[in-house]
1. Kindly report, to the nearest 10 Å², the accessible surface of THR144 as traced by a 1.4 Å probe over protein heavy atoms only.
2. Going by average Cβ neighbours within 10 Å, how do the peptides 169-182, 67-80 rank, with the highest at the top?
3. Please state the charge dipole magnitude for segment 38-207, taken about the Cα centre, from unit charges on C-beta atoms (+1 on K and R, -1 on D and E), reported in debye and rounded to the nearest 20.
4. Got a sec to turn the phi values of segment 111-126 into Karplus ³J(HN,Hα) couplings, 6.51 cos²θ - 1.76 cosθ + 1.60 with θ = phi - 60°, whole Hz, x for Gly and Pro?
5. Relative contact order of segment 38-207, please, whole-number percent, based on alpha carbon pairs below 8 angstrom and at least 6 residues apart.
6. Would you mind putting 97-106, 42-51 in packing order, based on average other-beta-carbon counts within 10 Å, highest first?
7. Let me check I have the definition right: for segment 38-207, take the eigenvalues of the Cα gyration tensor, multiply each by 5, take square roots. What are those semi-axes in whole Å, largest first?
8. For TYR45 and TYR81, FRET efficiency with R0 = 30 Å and r from the beta-carbon atoms, rounded to 0.05?
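The values are calculated or read from the model by the stated rules, or taken from the named source; none is laboratory data. As the structure is a computational prediction, the values presented were derived from the model and not from experiment. We place every Cβ from the backbone using ideal geometry, glycine too, and count neighbours over all the protein chains shown. Calculation scope for accessible area: heavy atoms of the full protein, side chains included, ligands and nucleic acids excluded. Shrake-Rupley method; radii C 1.70, N 1.55, O 1.52, S 1.80 Å.
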Amino acid sequence: MDQDQDHGGRNCCSCCFSFIFTAGLTSLFLWLSLRPDKPKCSLEYFYLPALNKSLDSHSPLNTTLNFMVRLANPNKDQGIYYDDVHLSFSTNSSSLVNYTVPRFYQGHKKKAKKWGQTLPLNNQTVLRAVLPNGSAVFRMDLKTQVRFKIVFWKTKRYGVEVGADVEVNGNGVKANKKGIKMKKSDSSTRLRRSCFWICVLMNLLVFFVIR
């Protein structure tokens, strides 16, 4: 009888070890496949008519700012919930204007183009940004918080803060014809750790359901 109890105890320990090993390995693979990457942001269009030298100089100065920002979700299986996206435009010396893109949801591998037009800017501030060579440099910063949709879960909010310098030529448009990529934030470490624990919980849930 003692032998049977000893044999049963060994079987129990073996089952527990097998479960822990299998769950850990499965969680690792799920974490590697489901861990999300933060959105990629770029400025695709920037036009300030006040700096367009080809326009009639006798016309009233148009200091509105027209732009388009692209936000791309690089994830194959995870959607992204954006809070309000706050954009701020400035020069080296002063702030120009703020603009808010309303919150929205973005599916996996999708790209969102957000067009905007600001209220007229202070013309003296705009003109002071012009360099001796006729070009001008502005700064655009983007700030928001995002949640990732992983299967049936939503992660907690993670901050995204990126920005880029924009050189504008004599036609009032950005000098770089390609999209200007904004610098990435560094908030991915905690995000990926939280996704790992989501995978562990998924494994435990499956284990108890099967049992």
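1. Counting only protein heavy atoms, the figure is 10 Å².
2. Answer by packing, highest mean first, reads 67-80, 169-182.
3. Numbers: 28 positive and 10 negative charges, 184 e Å.
Roughly 880 debye for segment 38-207.
4. 10, 10, 9, 10, 8, x, 9, 8, 5, x, 8, 5, 5, 5, 5, 5
5. Values: 361 pairs, mean separation 43.5, N = 170.
About 26 percent, as a whole number.
6. Result, highest mean Cβ count within 10 Å first: 42-51, 97-106.
7. Whole-Å semi-axes of the equivalent ellipsoid: 40, 13, 13.
8. Efficiency at R0 = 30 Å is approximately 0.75.
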